[in-house]
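> Please see the structure below; I have some questions.
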Amino acid sequence: MAGLYYVVMIGSAFASAAVIALVLSVALVLKARKQVAHGVQGRTLFLFANAVAPFIALAWIVIAVFIHIHISNRWAHQDCGFSGDPYVTLPNGYVVGSLNTYSGYVVAPGFHTDQPITGQGYVRSLIDIELKGNVFVGTVHNFNTNEEWNFTFHTQDRRIETSNTGRPISFEETQNRVHQDPNSYWVMYNQYRHRWPVVIFLDLIAFGGGLIVYGMRKLWQFQLAAHAAGAFR
């Protein structure tokens, strides 16, 4: 399942970041021990600060991720960008998304998708979709018959009309088309997706990382000055 894939991917990324933080921590402590002799005032605190600084940076990234998720979901009304069920809210309040990244849908505000291909307030198994005025038009994959169907979704009264094209279609062809067709639902998803939450996310990481680097540089300058002045306990 795509959702499980994203969980594993995020877990692997966090584990890799933790290993990198550990390596940096050890390297900084070893360097600090060589630069500042025993007996220099504040040496123990200095070594501790170097040991924990990479983990503080890692913790800040985790915090920034949670802030990014909140901003994306609550303010931008879309997924955070590494979700197993991506979605985006259109200007008319309708939501275009993809369950487990391969089952596209469009749903009216306040409604939810269900098992049938069409239902009250939604159409799922999307292949292509376009918004023409107040009407969504496009095609879906009918998994019951493995055929391509046309659909018309009227947003004013949520009336849905379908017609069978009689054209056979496989799951593999569907997945190729939703990534290649110029009017696939992924195109609409990307068209209406806000980019500013990512900008805020990157700014948060840069701001927090900058503060940590600045603080560590100041600490190193102070401790090396104490070492040079021979400030012993």
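> Which of the numbered conditions does Val187 fail, given that it passes all the others? Conditions: (1) surrounded by fewer than 16 Cβ atoms within 10 Å (Cβ to Cβ); (2) assigned by TED's automatic domain parsing to the domain that holds Pro109; (3) assigned to a helix (DSSP H, G or I).
(1)
> May I ask you to list the residues in segment 191-205 that are free of Cβ contacts under 8 Å to residues at least 60 places away in the same chain and assigned to a helix (DSSP H, G or I)?
Of everything in segment 191-205, those that are free of Cβ contacts under 8 Å to residues at least 60 places away in the same chain and assigned to a helix (DSSP H, G or I) turn out to be Gln191, Val199, Leu202, Asp203.
> Within segment 10-36, track down each residue that is more than 19 Å from Met216 (Cα to Cα) and aliphatic (A, V, I, L, M).
Ile10, Ala13, Ala15, Ala17, Ala18, Val19
> For Ile212, work out the one condition from (1) under 28 Å from Ala76 (Cβ atoms); (2) of a type in the set (Val, Ile, Thr); (3) assigned by TED's automatic domain parsing to the domain that holds Phe111; (4) assigned to a helix (DSSP H, G or I) it doesn't fulfil.
For Ile212, the exception is condition (3).
> Follow-up. Output the number of the condition that Ile205 fails; it satisfies all remaining conditions of (1) at pLDDT 95 or above; (2) in the same structural domain as Ala57 (by TED's automatic domain parsing); (3) out of contact with any helix residue (DSSP H, G or I) (no Cβ under 8 Å at 6 or more places or on another chain).
With (1) at pLDDT 95 or above; (2) in the same structural domain as Ala57 (by TED's automatic domain parsing); (3) out of contact with any helix residue (DSSP H, G or I) (no Cβ under 8 Å at 6 or more places or on another chain) applied to Ile205, the lone miss is (3).
The values are calculated or read from the model by the stated rules, or taken from the named source; none is laboratory data. As the structure is a computational prediction, the values presented were derived from the model and not from experiment. For neighbour counting, all protein chains shown are included, and Cβ atoms are generated from backbone atoms with ideal geometry for every residue, glycine included.
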